[in-house]
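Here the structure comes first, spelled out in structure tokens, and everything after it is commentary.
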Amino acid sequence: MLGSGLSNQIGASVAALAFGSIGPAGVVAIRQWVAAGVLVAVGRPRLRAFTAAQWRPVLGLAVAFAVMNLSLYSAIDRVGLGLAVTLEFLGPLTVALAGSRRRLDLGCALAAAAAVVVLTRPRPSTDYAGIALGLLAAVCWGSYILLNRTVGRRLPGLQGSAAAALVSGALYLPVGIVTLTQDRPQPTVLLCALTAGLLSSAVPFLADLLALRHVSAQLFGVFMSVNPVCAAVVGLVVLDQHLDPASWLAIVVIMAANTVALSTRPRARPSADPSAGPGPGAGGPGPGPGPERQTAA
């Protein structure tokens, strides 16, 4: 689980190294192609057998996946890895708290809201567009989780997620073609983008599948709460992105709110749905269908 989280965030930091040459959209295009290749090879979707009722949530999932990664990487480019991933993490936290009537969950929501105010407090250097992009990524991640549940009910195994990744990759074909033909990036830039795709998609996906054979989905979801801290640390070490003490405290509060909300939730009955696996990953959900992480970041 730790390897999965670190791989995801290191992949995002490597992606940031290529932003100057091909921009976030170019990097996301290559990442989407890597994710599509991995999931199609594993899920082997039978596209011709899909019904209209199955295609609708799959297409919604593809759009959510595509917009989520683009908005997250654009936010990373503007406000840094730690802040962008923390804002995106509000998506699954909101889904976890939505509809709950427990006072404890209300307290978690209020604590997270206060932490967001601290993170986004107005300053001369505040990049409001970057913050908005991070919050858009959060909305997309929440939508991704809800759509994944529908896809998991209507399609067996990983077929729905694989089809969504394939459609998402196809959506980025024009962007990738224009980027590769007009900008003509150096091989090192392409290597960074490809490495980001592997570290943020393929490696976390396989690591999550292995981890979920040994731990419960609830424990997995709780452990994934460490992703914002991993992102902040990786951003500091790899990209030299510094956060002030108040921002570090706010990140820890949001992480703690998610941990408390998930760890105190009544255990659900084990699901026989084979799609209840890992998800996209923050920091850019990687590709995958799980209800806890729904983490392709």
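The values are calculated or read from the model by the stated rules, or taken from the named source; none is laboratory data. Computed from a predicted model, the values in this text were never measured in an experiment. As a convention, Cβ positions derive from the backbone with ideal geometry for all residues, glycine included, and neighbour counts pool all protein chains shown.
Determine if the range 79-91 includes at least one residue that is of a type in the set (D, E, K, R), part of a helix (DSSP H, G or I), at pLDDT below 95 and surrounded by fewer than 23 Cβ atoms within 10 Å (Cβ to Cβ). Full working, then the answer.
We begin by selecting, within the range 79-91, every residue of a type in the set (D, E, K, R); these are 88.
So of that shortlist, the ones also part of a helix (DSSP H, G or I) come out as 88.
Then drop every residue that is not at pLDDT below 95, which leaves 88.
Now drop any that are not surrounded by fewer than 23 Cβ atoms within 10 Å (Cβ to Cβ), which leaves none.
No.
Take the range 141-165 and flag every residue that is of a type in the set (V, I, T), farther than 18 Å from N69 by Cα and buried (at least 20 other Cβ atoms within 10 Å of the Cβ). Give the steps one after another, and end with the answer.
Residues of the range 141-165 of a type in the set (V, I, T): 145, 150-151.
In the following step, the residues that additionally are farther than 18 Å from N69 by Cα were identified as 150-151.
V151, the sole residue that qualifies.
Exactly one residue out of T188, T195 is β-branched (V, I, T), touching a helix residue (DSSP H, G or I) at 6+ places or on another chain (Cβ under 8 Å) and closer than 30 Å to S21 by Cα: that is T195.
Restricting attention to the range 11-62, the residues that are within 18 Å of V151 (Cα to Cα) and part of a helix (DSSP H, G or I) add up to 20. Of the residues making up the range 1-10, those that are assigned to a helix (DSSP H, G or I) and aliphatic (A, V, I, L, M) are L2, L6, I10. In the range 166-185, the condition of being within 12 Å of W33 (Cα to Cα), buried (at least 19 other Cβ atoms within 10 Å of the Cβ) and polar (S, T, N, Q) is met by at least one residue. Has the range 212-222 got any residue that is among the β-branched types (V, I, T), surrounded by fewer than 19 Cβ atoms within 10 Å (Cβ to Cβ) and more than 17 Å from V38 (Cβ to Cβ)? The answer is yes, given that some residue of the range 212-222 is among the β-branched types (V, I, T), surrounded by fewer than 19 Cβ atoms within 10 Å (Cβ to Cβ) and more than 17 Å from V38 (Cβ to Cβ). Filtering L59, L47 for residues that are over 23 Å from D127 (Cβ atoms), at pLDDT 95 or above and over 13 Å from the mean Cα position of the chain (by Cα) leaves a single hit, L59.
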